[in-house]
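> Next up is a structure, given as structure tokens.
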Amino acid sequence: LLRFAKYGFVKAHAAGYAIIAYQCGFLKTYYRPEYLASCLTVRRRNPSMMMKLLAECRAGNITVLPPDINESASEFVATPQGIRFGLSAIKNVGDAAVKAIVAAQKEHGPFRSIHHFLTSVDLRVANKKVHESLIQGGAFDSMGANRATLFESLPGAMAYAQAMQDERDRGQTTLFGGIGVDPMVHIPPPNFHEQDEWPDEDIQSREKTMLGYYVTSHPLEKYVSEIEGLTKYALEDKEEFRDGLDVKICGVIAAASTRTTKRGDKWSILNVEDLTGSIECLAFPKVYNEYNEMLVADKLVAMSGKISHDNEEPKLRVEQIIPLEEASEKWGQSLCIQLNSIQVNDNLLSKLETVFKVHPGRRPVFVQINYENGSTHTVKAGDFAVRTNSVLLQRIKEIVGEGNSHFAY
């Protein structure tokens, strides 16, 4: 062993890695947003690593901001408000378009409106698809109009911008006040086609398609407390799942594809994501026939099944699927509430009792009291029994605070 150590762990090699580890540790401790922004830039083509990094940002209370046409650079950058999404990570926005946008930022920015931006950027490089992707990804949210309005108004805005650029290219801007004067000052841009904003689910879906991830909001965020009580495992830890392990997961179906067996039976391959990672799920014919209406992209689901290792990559062989909004009621076996001893008083207990009575059911309620000396005491809340659902959990949160209540199974 000692002889091998002299060869396998040479001092120069060990010292080199030690220096890198120290530098990374220093940056991660004292320049965490800048460090994570650099990691996001480097890993932007690696979905699994991006999921882990975004989860790390959330865990560290670092906000990942959507792209912004005035603030975003090619790469992810740290700002006082968080980490700004990089333009080069947006779908359909290639390197040439990014260079054109950055050049326009330097020469004409900050942009006052989408019309100002479109007349400033090279439309031969940054085409309609680029701008549609920017709108759906949230890059123009600071311009005042909602995404649906900007999307519907884009053709007219681009036609106006193209006409202005053609005028400049032909040297005819003197007709509107002389070369060097912005023709927009003299020719008003077209009015927007005002639209109601897309539904939240549509905004999230389009944003996910363009950015690869949910950034401004995540469909699972309102279920965090329920998910923590209903599942034991986060998908970022899937590599630790042993073969044959029974698991329950809650997430959103990111992708779904249907296959056919040699016998003509249909089955599905699903990619399911939670807030930390993703896992491939297999719904074989029996499960497919029972739950096929739920096997669609963007569906929020709770699944149970067994882990199967295939080529070292763990997969979930699905046995049961239920809509996520029904998971608490069907899987939740009890309501657990945590209280600090100093906050326990008659008024708080009265409020809790009122909520319990409004949501009668079959699930018992347990209260864990945490004392200042670090000890805890758990008691059953009398004969109260409740119906476990998201409405009940929200009411409990309003009384005892976020993170102090969950459903256990």
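The values are calculated or read from the model by the stated rules, or taken from the named source; none is laboratory data. The structure displayed is predicted, hence computed values, not measured ones. All Cβ positions, even for glycine, are placed from backbone atoms using ideal geometry, and neighbour counts span all protein chains on display.
> Looking for something in contact with a helix residue (DSSP H, G or I) (Cβ under 8 Å, 6 or more places away or on another chain), at pLDDT 90 or above and of a type in the set (S, T, N, Q) - is there at least one such residue anywhere in region 204-219?
yes
> Would you check which residues across region 70-102 are of a type in the set (G, A, S) and either within 19 Å of the chain's Cα centre (by Cα) or not assigned by TED's automatic domain parsing to the domain that holds H115 (or both) and list them?
Initially, region 70-102 is screened for residues of a type in the set (G, A, S), giving 72-74, 78, 82, 86, 88-89, 94, 96-97, 100.
Answer for region 70-102, where residues must be of a type in the set (G, A, S) and either within 19 Å of the chain's Cα centre (by Cα) or not assigned by TED's automatic domain parsing to the domain that holds H115 (or both): S72, A78, G82, G86, S88, A89.
> So how many residues does region 191-219 have that are of a type in the set (V, I, T) and more than 9 Å from the chain's Cα centre (by Cα)? Break it down stepwise before answering.
Applying the first criterion (of a type in the set (V, I, T)) to region 191-219 yields 203, 209, 215-216.
With the extra rule that they be more than 9 Å from the chain's Cα centre (by Cα), the set shrinks to 203, 209.
Selection size over region 191-219: 2.
> Something else about it: Starting from region 195-218, keep only residues that are touching a residue at least 24 places away in the same chain (Cβ under 8 Å) and over 19 Å from E152 (Cβ atoms), then list their pairs with residues that are part of a loop (DSSP other than H, G, I, E, B) and of a type in the set (V, I, T) whose Cβ atoms are within a distance under 7 Å, requiring at least 6 positions of separation or different chains.
L211/I90
> Now, a different point. Would you call S120 more than 24 Å from S88 (Cα to Cα) and at pLDDT 90 or above?
On the way: more than 24 Å from S88 (Cα to Cα): no; at pLDDT 90 or above: yes.
So S120 fails the test.
> Shifting gears a bit: Is it true that K238 is crowded, with 20+ Cβ neighbours inside 10 Å, within 21 Å of L150 (Cβ to Cβ), in contact (Cβ under 8 Å) with a residue 40 or more places away in the chain and within 21 Å of the chain's Cα centre (by Cα)?
So K238 does not fit the description; no.
> For E326, which of the numbered conditions (1) surrounded by fewer than 17 Cβ atoms within 10 Å (Cβ to Cβ); (2) of a type outside the set (A, V, I, L, M, F, W, C); (3) in contact (Cβ under 8 Å) with a residue 40 or more places away in the chain fails to hold?
Failed condition: (3).
> Confirm whether N46 is touching a residue at least 60 places away in the same chain (Cβ under 8 Å) and either closer than 25 Å to D202 by Cα or not hydrophobic (A, V, I, L, M, F, W, C) (or both). Walk me through how you get there before you give the answer.
Working: touching a residue at least 60 places away in the same chain (Cβ under 8 Å): no; either closer than 25 Å to D202 by Cα or not hydrophobic (A, V, I, L, M, F, W, C) (or both): yes.
No: the conditions fail for N46.
> Looking only at region 177-203, which residues are among the hydrophobic types (A, V, I, L, M, F, W, C) and either assigned to a loop (DSSP other than H, G, I, E, B) or at pLDDT 90 or above (or both)?
So the first thing to find is which residues in region 177-203 are among the hydrophobic types (A, V, I, L, M, F, W, C), and the list is 179, 181, 184-185, 187, 192, 198, 203.
Correct list: I179, V181, I187, F192, W198, I203.
> Which residue, of T41, T63, is β-branched (V, I, T), over 14 Å from the mean Cα position of the chain (by Cα) and assigned by TED's automatic domain parsing to the domain that holds D141?
On the way: T63 fails: over 14 Å from the mean Cα position of the chain (by Cα).
On inspection, the qualifying residue turns out to be T41.
> Scan (1) farther than 30 Å from G403 by Cα; (2) free of Cβ contacts under 8 Å to residues at least 40 places away in the same chain for the single condition I62 breaks and write down its number.
Every listed condition holds for I62 apart from (1).
> If you go through region 238-266, how many residues are in contact with a Ser or Thr (Cβ under 9 Å, 6 or more places away or on another chain) and closer than 27 Å to T209 by Cβ? Spell out the reasoning first.
So in region 238-266, the residues in contact with a Ser or Thr (Cβ under 9 Å, 6 or more places away or on another chain) come out as 238, 243-244, 246-251, 254, 256-259, 266.
Then keep just the ones that are closer than 27 Å to T209 by Cβ; that gives 238, 249-251, 254, 256-259, 266.
The total comes to 10.
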